[in-house]
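A.B. asks: The structure that follows is given in the form of structure tokens.
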Amino acid sequence: MSRRYDSRTTIFSPEGRLYQVEYAMEAIGNAGSAIGILAKDGVVLIGEKKVTSKLLQTSTSTEKMYKIDDHVACAVAGIMSDANILINTARVQAQRYTYAYQEPMPVEQLVQSLCDTKQGYTQFGGLRPFGVSFLFGGWDKNFGFQLYMSDPSGNYGGWKAAAIGANNQAAQSMLKQDYKEEISREDATELALKVLSKTMDSTTLTSEKLELAEVFLTPSGKVKYQVHSPESLSKLLAKAGLAQPAPDAS
């Protein structure tokens, strides 16, 4: 049945579905997972790096985490080339707002403007939806710390804890069980590592396969975006009891 209605995004099926948009969401289901958790003192974003070959030179820059503005960052799951276009668009919009109004762009307004762009790609012929989902973490003076999730349809929503990418439903149900209100940033980091260790495809969790970023306020009240180094990640994994034992020298 779907074959008659899935050739373009502008055609609804008799059940009211847009198959091309649903297929774009399926593409994200094959990507490395990402998890976001909203804490009382910050936002924690964690992502799984897919290392497809031992010969691959691992990038010195981040692959899953991107800074959009001083007060907003995002985690990505899906087609990275699509994500780069949208991230650049978001960065330009954030800077235009700052230039015009001399203050940082409210987080939800930034997310909504980007989702408007994504929605346009589901409504006009000759375009395909962006095959990428985002988790946005940020802070503004109106609502404090916020976490948003958006998908290829252009829909977005505010979340306390969310997962995108591979095995996102299993991760989401674990977060639903273990998330507590007023969780601290430290506990949120531990919970994110625990959930990712149980839901990612790889059997071993190491610092090379992870990216962890946080958005929080410094004691002076300035918003800070921080990406953890591999050494810091190894310490966090050891603290959470998820580090792999060192192989015997024999």
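A.B. asks: Is there a residue being open to solvent by 30 Å² or more (accessible area, probe 1.4 Å), part of a strand (DSSP E or B) and closer than 22 Å to Val72 by Cβ anywhere in region 126-140?
C.D. replies: Checked region 126-140: at least one residue is open to solvent by 30 Å² or more (accessible area, probe 1.4 Å), part of a strand (DSSP E or B) and closer than 22 Å to Val72 by Cβ.
A.B. asks: What are the pairs with Cβ atoms under 8 angstrom where one residue, in region 154-177, is among the hydroxyl-bearing types (Ser, Thr, Tyr) and the other, located anywhere, is open to solvent by 60 Å² or more (accessible area, probe 1.4 Å)? Sequence gap at least six, or different chains.
C.D. replies: Qualifying pairs under 8 Å: Tyr156/Gln112.
A.B. asks: List pairs: first residue in region 62-91 and among the hydroxyl-bearing types (Ser, Thr, Tyr), second residue outside any helix (DSSP H, G or I) and buried (at least 21 other Cβ atoms within 10 Å of the Cβ) anywhere in the structure, Cβ distance under 6 angstrom, at least six positions apart or on different chains.
C.D. replies: Thr62/Glu211; Tyr66/Cys74
A.B. asks: Right, another one. Could you give me the residue pairs with C-beta distances under 8 Å whose first residue belongs to region 215-243 and is more than 25 Å from Gly138 (Cβ to Cβ), whose second residue is surrounded by 14 or more Cβ atoms within 10 Å (Cβ to Cβ) and among the charged types (D, E, K, R) wherever it lies, and which are 6+ apart or on separate chains?
C.D. replies: Qualifying pairs under 8 Å: Lys239/Glu190; Ala240/Glu190; Ala240/Lys194; Leu242/Lys194.
Here's the yes/no breakdown for (1) surrounded by 15 or more Cβ atoms within 10 Å (Cβ to Cβ); (2) at pLDDT below 95; (3) in a strand (DSSP E or B):
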site: Asp116; (1), (2), (3): no, no, no
site: Phe145; (1), (2), (3): yes, no, yes
site: Tyr148; (1), (2), (3): yes, no, yes
site: Gln169; (1), (2), (3): no, yes, no
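A.B. asks: Examine region 103-110 for a residue that is crowded, with 20+ Cβ neighbours inside 10 Å, at pLDDT 95 or above and within 19 Å of Ile164 (Cβ to Cβ), and state whether such a residue exists.
C.D. replies: Scanning region 103-110 turns up at least one residue that is crowded, with 20+ Cβ neighbours inside 10 Å, at pLDDT 95 or above and within 19 Å of Ile164 (Cβ to Cβ).
A.B. asks: Here are the criteria: (1) surrounded by fewer than 22 Cβ atoms within 10 Å (Cβ to Cβ); (2) aliphatic (A, V, I, L, M); (3) under 28 Å from Lys49 (Cα atoms). Tell me which single one Ala100 does not satisfy.
C.D. replies: All conditions are met except number (3).
A.B. asks: Same structure again: Against the definition (closer than 19 Å to Gly137 by Cβ and either in contact (Cβ under 8 Å) with a residue 60 or more places away in the chain or open to solvent by less than 40 Å² (accessible area, probe 1.4 Å) (or both)), how does Met25 come out, yes or no?
C.D. replies: Criteria not met by Met25.
A.B. asks: Here are Gln95, Gln20: which of them is more than 25 Å from Lys176 (Cβ to Cβ), in a helix (DSSP H, G or I), in contact with a Ser or Thr (Cβ under 6 Å, 6 or more places away or on another chain) and open to solvent by 20 Å² or more (accessible area, probe 1.4 Å)?
C.D. replies: The unique qualifying residue is Gln20.
The values are calculated or read from the model by the stated rules, or taken from the named source; none is laboratory data. The shown structure was predicted, so the numbers you read here are calculated from the model rather than taken from an experiment. No Cβ is skipped: glycine too gets one built from the backbone with ideal geometry, and neighbour counts run over all protein chains shown. Note: accessible area is taken over every heavy atom of the protein model, side chains too, but ligands, DNA and RNA are not part of it. Shrake-Rupley method; radii C 1.70, N 1.55, O 1.52, S 1.80 Å.
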